Amino acid sequence: MQSASTSSPHAPDRWFPTRKPLTDPRLRLFCLPFAGGSVAIYNQWSQGLPAGVELCPVQLPGRERRLSEKPIGDLAALVDALLPAIAPLLDRPFAFFGYSMGARISLELARRLQARNGPRPVGLLLGAAGPPSLNTRDPIHLLPEAEFIAELRRYDGTPEEIFQHRELLELVLPMLRADFGIAFTADGPQPPRLEVPISVVGSPEDKHVPTANLEGWRNETRSEDVRVRLFPGGHFFIKSQRDALLAYISEELNRWMGRAP
C-alpha cells in the first residue's frame, strides 16, 4: 500500500523526486524543463551552484517515474496542481529557472504567487524562450500526428531512437502534445506585470526563438533589473553549454541572494 505522502497528487516526492534537502538552505532553485524534458536534464547541477542553494528540479506528470499519470496540457491546471506541492518549500528565498516550455510555467507561477500576495521569487531565470506576447510560432500540438512528428524532429529535442520505436513513440506523444500546449499558451487580456528581476538566456543560433524576442521580457516586470545573456549552441544550449550556463546562473543567484531578506 502506498503511503499518504506518495499517493497524494500534491506529494513533494512526486514533483521533486531528485531533490536533496539541505539542513539550512540559503535559497531554493526550482527548475522547470523544456517540452518533453524531465528532472534528468538537471542531474549534476547542484555541484555547479553556489553553496547553500538547494536544487529542486520539478518532475511533471507523464514522464519517468510519473509515466502512468496523465500529462497536463492546460497551463492553469498545471499551476493549480503544482502550487500546493511548492508552497511548503517557499519558507526560504527562492528562484525559478525555466527553460523553453519551463519559462512559460515559471512566469505563470510567479504571476499566481503575486496575485495571491504570496511569497515572491528573488528572481526569474528564463532560457530559450521569448515572452508569451511575442510568441509567433505555430501551435504544433494541434497538428495531425504525422505533421506533429515531423515538427518534433525539427526541434531536435526528442532522441532519434524514440522515433524509430513505434510503441515508445506512441507512449510519449500524449506527453509531448501536452507540453507544447503549455508552451504555446497565450496570455489573457492585460496580464499583470511582475515585481521581480528577470535574467534571460538565449542563443543567437536558436532557430525557434529570435534573439530580439528575448528583450521582450523587459515588459513582463516593473523591475529595472532585467539582463539578457547569449550562449552559443542553438535551442538546446542547456546541454552543450552546461558549465558556462551554470556559472552565469550562479552569478545571478549570488547577486540576488545578496539582496534577499
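Filter segment 149-192 down to residues that are open to solvent by 40 Å² or more (accessible area, probe 1.4 Å) and more than 30 Å from Arg112 (Cα to Cα), then give me how many there are.
So the count comes out to 15.
For residues that are under 17 Å from the mean Cα position of the chain (by Cα), farther than 16 Å from Trp217 by Cβ and either in a loop (DSSP other than H, G, I, E, B) or not charged (D, E, K, R) (or both), tally how many sit in segment 108-154.
Summing the residues that are under 17 Å from the mean Cα position of the chain (by Cα), farther than 16 Å from Trp217 by Cβ and either in a loop (DSSP other than H, G, I, E, B) or not charged (D, E, K, R) (or both) in segment 108-154 gives 3.
Taking Thr6 and the conditions (1) closer than 29 Å to Pro159 by Cα; (2) assigned to a helix (DSSP H, G or I); (3) modelled with pLDDT under 95; (4) polar (S, T, N, Q), which numbered condition does it fall short on, given that it satisfies the others?
Checking Thr6 against (1) closer than 29 Å to Pro159 by Cα; (2) assigned to a helix (DSSP H, G or I); (3) modelled with pLDDT under 95; (4) polar (S, T, N, Q), the one that fails is (1).
Criterion first (at pLDDT 95 or above, open to solvent by 10 Å² or more (accessible area, probe 1.4 Å) and either basic (Lys, Arg) or assigned to a loop (DSSP other than H, G, I, E, B) (or both)) does Arg19 satisfy it?
Spelling it out, Arg19 is indeed at pLDDT 95 or above, open to solvent by 10 Å² or more (accessible area, probe 1.4 Å) and either basic (Lys, Arg) or assigned to a loop (DSSP other than H, G, I, E, B) (or both).
Would you be able to tell me the number of residues in segment 155-175 that are under 17 Å from Gly37 (Cβ atoms) and outside any helix (DSSP H, G or I)?
Number of matching residues: 4.
In the list Ala51, Ala77, Ala81, which residue meets the criterion of being under 23 Å from Pro132 (Cβ atoms) and loosely packed, with under 13 Cβ neighbours inside 10 Å?
Of the residues listed, the single one that is under 23 Å from Pro132 (Cβ atoms) and loosely packed, with under 13 Cβ neighbours inside 10 Å is Ala77.
So Ala146 fits all but one of (1) modelled with pLDDT under 90; (2) surrounded by 11 or more Cβ atoms within 10 Å (Cβ to Cβ); (3) within 22 Å of Pro71 (Cα to Cα); what number is the exception?
The one condition Ala146 does not meet is (2).
Just need a number here: residues in segment 89-107 that are in a helix (DSSP H, G or I) and either under 15 Å from Pro57 (Cα atoms) or among the hydroxyl-bearing types (Ser, Thr, Tyr) (or both).
Going through segment 89-107 one residue at a time, the tally reaches 6.
Against the condition in a loop (DSSP other than H, G, I, E, B), touching a helix residue (DSSP H, G or I) at 6+ places or on another chain (Cβ under 9 Å) and modelled with pLDDT of 95 or more, how does Pro50 come out, does it pass?
Here the answer is yes, as Pro50 does meet what is asked.
Checking Asp138 against (1) closer than 28 Å to Leu246 by Cα; (2) surrounded by fewer than 11 Cβ atoms within 10 Å (Cβ to Cβ); (3) of a type in the set (Asp, Glu): exactly one of these is not met. Which one?
Among (1) closer than 28 Å to Leu246 by Cα; (2) surrounded by fewer than 11 Cβ atoms within 10 Å (Cβ to Cβ); (3) of a type in the set (Asp, Glu), the lone unmet condition for Asp138 is (1).
The values are calculated or read from the model by the stated rules, or taken from the named source; none is laboratory data. Quick caveat: nothing in here was measured; it's all calculated off a predicted structure. All Cβ positions, even for glycine, are placed from backbone atoms using ideal geometry, and neighbour counts span all protein chains on display. Heavy atoms of the whole protein, side chains included, go into the accessibility calculation; ligands, DNA and RNA do not. Shrake-Rupley method; radii C 1.70, N 1.55, O 1.52, S 1.80 Å.
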